[in-house]
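For reference, the structure discussed in these notes is given below.
No value in this document is a laboratory result; all are computed from the given coordinates. From a predicted model like this one, the values you see are computed outputs, not experimental measurements. Here the Cβ positions follow ideal geometry from the backbone for every residue, glycine too, while neighbour counts run over all protein chains shown.
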There are 2 protein chains.
Amino acid sequence: MSEIIVQKFGGTSVGSVDRIEEVAEIIKKASKEKKIIVVVSAMSGETNKLITLANHFGENPDKREFDALVSTGETISSALLAMALHSKGISAKSYSASQISMKTTDSFSKAKILDVDAKKILKVIDDDIIPIITGFQGITEGGDVTTLGRGGSDTTAVAIAAQVGAKRCDIFTDVDGVYTTDPKIVSNAKKLDSITMEEMLELAGQGAKVMQTRAVEFANKFDVPVRVLSSFKEGSGTLISLEDETMENAAVSGIAFQKDQVKFTLHGVGDIPGTAFKILGPISEGDIEVDVIVQNVSVDDKTDFTFTVSSEDQEVVENIINSIKEEVNYKELMIDSNIAKVSIVGAGMRTQTGVASRAFKALSNNNVNIEIICTSEIKITMVIDKSLVDKAVNVLHDEFELDK
Amino acid sequence: MSEIIVQKFGGTSVGSVDRIEEVAEIIKKASKEKKIIVVVSAMSGETNKLITLANHFGENPDKREFDALVSTGETISSALLAMALHSKGISAKSYSASQISMKTTDSFSKAKILDVDAKKILKVIDDDIIPIITGFQGITEGGDVTTLGRGGSDTTAVAIAAQVGAKRCDIFTDVDGVYTTDPKIVSNAKKLDSITMEEMLELAGQGAKVMQTRAVEFANKFDVPVRVLSSFKEGSGTLISLEDETMENAAVSGIAFQKDQVKFTLHGVGDIPGTAFKILGPISEGDIEVDVIVQNVSVDDKTDFTFTVSSEDQEVVENIINSIKEEVNYKELMIDSNIAKVSIVGAGMRTQTGVASRAFKALSNNNVNIEIICTSEIKITMVIDKSLVDKAVNVLHDEFELDK
């Protein structure tokens, strides 16, 4: 059998019947050379329309029902895309999560993929039919419909690519690749032809918004090469490569930032073993992603414990922290939603020193105060005032000459 | 366990979030006295919106994809109705056809129910949860999504009522019961408190539009009492009783009519055994309902074979008839879409003579020409010119004093 490519089309790519026609053309063209499996998001706007309907019945609708509701968006776009392919003489069939046994955990709205019936999908492409699979959807062992959370269609695509042994997973979106930073903020931001999986992982996690973090993790874990490209204009996009040993890595490959963040500080926590787990355990049980975690050195056996979460999780996290007040025995809870994260990402950072100090100096010269610093091997994350983000990103982009 | 009532809500009953709130109130009230199972249609307008999307890719989209597409309407309304019930403190869960194994034949868009997992539904109500089941949807043995055709939610409701041994199936709609004829055409049309299943069968088949024929057939076959009532105003509706032996039946209980009809006449067919089957076999294989079938006496071993079908099936039937021209050996095919059917229905007709002659006389006095006549035990159907329908219905309603 010839090589398999998974093509995933996001919401804007299938945002109208005309767009669906164009996507069908892309698939038709690709299907002449390779076996194609398609994963599709809901038409843009559709999911929000459904959420508005749901919100009429209260702000926190039952998650099982919520998932049953919003998953219809993908069912609609997959059926329409199959029809569009038929109209071009191409055999295609839509498949829901239930129909390909896309099994997930039962944490509704944030479900994690457990397994998928690769044999069924392979049987379909063996019959020269292009399967059009609903992204974002899953089913529990008991048959309840789940969703993978926003952007989950990327994860669906990569998971399927991994399970069927696809040669590559092409993520079609409305941008033509991964840039050194957001071109809306820095006018001379530059498209990267390739990027390492690690760099992409850091960039996606920091809100580069090109591709969902979990999908990149999946790709990394299962060695699936991913390409990010545009369904709106031709181009080769950015290849997210598994390894990049032949090339010398740039010290800094991109600047990422994320504004929808909230900082929680538990002031006056007892500096005894197990405290961090007592705080983060209940939060991660709620399937909430915690990012920057910082614990300062202790004074008089008391310390401050700080972490950031996405703004949408603020209320839930606040309730959790309040409920463990006695157990953790902190003095005060401080919540700051006026913050943002800015990150410098680069696989070459490992071997090239001085990146951090150059960054701090450049920001300081431009009066950007850094509240928290947190570094990993290939990333430096800084929490700063939300109003200074655009300035900081520009300063860093210039400092590391990313337009060159 | 207390008695079970199946409540089915049609598209206009759940046509907006406000309507869904009101339907939730009806269910809440009923749930205080009985175990309730709910079957729900798509929000009115939703299915047509999806059909418009599909038609962008050609007039005859693949039926498998079409069914996957339009079935999402019911998934949406069932999830929203469950949320509305939650907001009123009532436990409820939505279930799709797949989740309750609503197995059907694989004739997409016109699928017939084969079986449903009654145990699963009974388990849900045993747990004091109200199941909100998607009407209209089914799944094939292979797991493809099917739909039962327009109005199929009634059939879903009756089938479930039959399988779970419900005491009654309440069909909530936008009319407050079954009338002697359409109140829009005859101003003094009268609501019937009860009607026999047989009468209802004839009325529904003739387009009384209160309830789908197949659903009435199901109710008849499985002895499920059905009540038709309004979700917009209080009232006891019309009870469709299984038997009506205690009462003397009215000779005529209602006048039905149907305008979206096409008459096919195969002129000069050989009057030999098997001809009717040769003509109707391929049509019924296409799951097309054929109604009035008339074959005139033969002249010189040649006869005319006439039947009517729904206008929406005209093109398909025309193709079928053309494809069997040699086999059937007819001289000419005549198609007339300028016709309509008017029927007089009444269980008492069996025992009271003269209904037909009174009807013919009244129509003749009012210059309504009858093209075809076809009678059954409790129904007299007449095919007339489409432009004369309103007049004919009024004349007959007056003649049989149905306003009394």
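Shortest first, in nm, what separates the label point of residue B:142 from those of the same position in the other copies (7 Å along Cα→Cβ)?
3.1
By a straight-distance test (C-alpha under 16 Å), which aspartates and glutamates pair with residue B:191 as possible cross-link partners, with residues fewer than eight away in the same chain excluded?
The qualifying aspartates and glutamates are B:174, B:176, B:182, B:199, B:234, B:398, B:401, B:403.
How far is residue B:259 from itself in the other copies, in nm, if each label sits 7 Å out from Cα along the Cα-Cβ line, shortest first?
From this label point to the equivalent ones elsewhere in the assembly: 5.6 nm.
Sequence-distant or interchain residues sharing an amide H contact under 5 Å with residue A:133, placed H: which?
It is A:38, A:39, A:40, A:95, by chain and number.
Can you compute the modelled spin-label distance between residue B:287 and residue A:109, with each label point 7 Å from Cα toward Cβ, in nm?
Computed distance between label sites residue B:287 and residue A:109 equals 3.7 nm.
For an R0 of 25 angstrom, estimate the FRET efficiency from the Cβ-Cβ distance between residue B:356 and residue B:300 and round to the nearest 0.05.
E(calc), rounded to 0.05, equals 0.25.
Rounded to the nearest 500, what is chain B's calculated 222 nm mean residue ellipticity when only DSSP H runs of at least 4 contribute -39500 (n - 2.57) each, over all residues?
That comes out to -10000 deg cm²/dmol.
Going by how many other beta carbons lie within 10 Å of each one, how would you line up A:169, A:374, fewest first?
Fewest-to-most Cβ neighbours within 10 Å comes out as A:374, A:169.
Report, for segment A:4-174, the % of DSSP beta bridges that are antiparallel, rounded to 5.
Counting only bridges with both partners in segment A:4-174, antiparallel ones make up about 20 percent.
Sequence-distant or interchain residues sharing an amide H contact under 5 Å with residue B:115, placed H: which?
The list, which skips near neighbours in sequence, is B:103.
Calculate the spin-label point distance for residue A:230 paired with residue B:127, positioning each point 7 Å from the Cα along the beta-carbon direction, and give it in nanometres.
Taking the two extended label points, one gets 4.9 nm.
Applying the Karplus parametrisation 6.51 cos²θ - 1.76 cosθ + 1.60 with θ = phi - 60° to the phi angles of segment A:133-139, what ³J(HN,Hα) value in whole Hz is obtained for each residue in order, glycine and proline being reported as x?
Using θ = phi - 60°, the values come out as 9, 5, x, 6, 8, x, 9 Hz.
Where a Cα-Cα gap under 26 Å defines reach, which lysines qualify for residue B:190, not counting those fewer than 8 residues away within the same chain?
The reachable lysines, counting only those whose Cα sits under 26 Å from residue B:190, are B:8, B:209, B:233, B:259, B:341, B:361, B:379, B:386, B:391, B:404.
Name the shape class, rounded, prolate or oblate, that the alpha-carbon gyration tensor gives for segment B:1-136, where a ≥ b ≥ c are the square roots of its eigenvalues, rounded holds for a/c under 1.5, and otherwise prolate holds if a/b is larger than b/c and oblate otherwise.
It comes out oblate by the Cα gyration axes.
Based on the Cβ-Cβ distance of residue B:280 and residue B:367, what FRET efficiency does E = 1/(1 + (r/R0)^6) give at R0 = 41 Å, to the nearest 0.05?
0.75
What is the average number of partner chain Cβ atoms found within 10 Å of a Cβ in A:93-101?
4
Round to the nearest 10 and give me the degree value, 0 to 90, for the angle of helix B:314-323's Cα axis relative to the longest principal axis of chain B.
Tilt of helix B:314-323: around 50 degrees.
Let me see the pair-distance distribution of chain B: every alpha carbon pair, 20 Å bin width, integer percents in order.
26, 54, 19, 1
Rounded, prolate or oblate, given the Cα gyration tensor of the protein assembly as shown, with a/c below 1.5 counting as rounded?
Judged from the Cα gyration tensor, the protein assembly as shown comes out prolate (a/c at least 1.5, a/b above b/c).
Normalising by the residue count of chain A, find the relative contact order in percent from Cα pairs under 8 Å and 6+ residues apart.
14 percent
What share of the DSSP beta bridges in the protein assembly as shown is antiparallel, in percent to the nearest 5?
Of those bridges, close to 65 percent are antiparallel.
Mind grabbing the base-10 log of I(q)/I(0) for segment B:252-347 at q = 0.11, 0.19 Å⁻¹? Debye formula, identical points on the C-alpha positions, no solvent, two decimal places.
-0.34, -0.90
Note the distances from residue A:271 to each other copy's matching label point, with points 7 Å along the Cα-to-beta-carbon direction, in nm, sorted shortest first.
Nearest to farthest, the other copies are at 11.0 nm.
Run the numbers for residue B:30 and residue B:91: contour at 0.36 nm per residue of separation, minus the present Cα-Cα distance, in nm.
So the extension gain works out to 20.6 nm.
I'd like the orientation of helix A:275-285 relative to chain A: the angle between its Cα long axis and the longest Cα principal axis, in ° from 0 to 90, rounded to 10.
20 degrees
So what's the angle, to the nearest 10 degrees on a 0 to 90 scale, between helix B:389-399 and the longest Cα principal axis of chain B?
That works out to roughly 90 degrees.
So for segment B:255-399, averaging the separation of alpha carbon pairs under 8 Å that are six or more residues apart and normalising by length, what relative contact order in percent results?
31 percent.
Could you give the nm distance between label points at residue A:334 and residue B:332, where each point is 7 Å from its Cα heading toward the beta carbon?
9.6 nm
Let me confirm one metric for peptide B:55-64, namely the mean number of other chain beta-carbon atoms within 10 Å of its residues' beta-carbons.
If you average over the peptide's residues, the count of other-chain Cβ atoms is 5.
What's the center-to-center distance, using Cα atoms, between segment A:1-74 and segment B:157-191 in Å?
What the calculation gives is 39 Å, centre to centre.
Compute the relative contact order of segment A:7-162 as a whole-number percentage, counting only Cα pairs closer than 8 Å that sit 6 or more residues apart in sequence.
Once normalised by length, the contact order is 26 percent.
Please report the antiparallel percentage of DSSP beta bridges with both residues in chain B, rounded to the nearest 5.
Counting DSSP beta bridges with both partners in chain B, the antiparallel share is about 65 percent.
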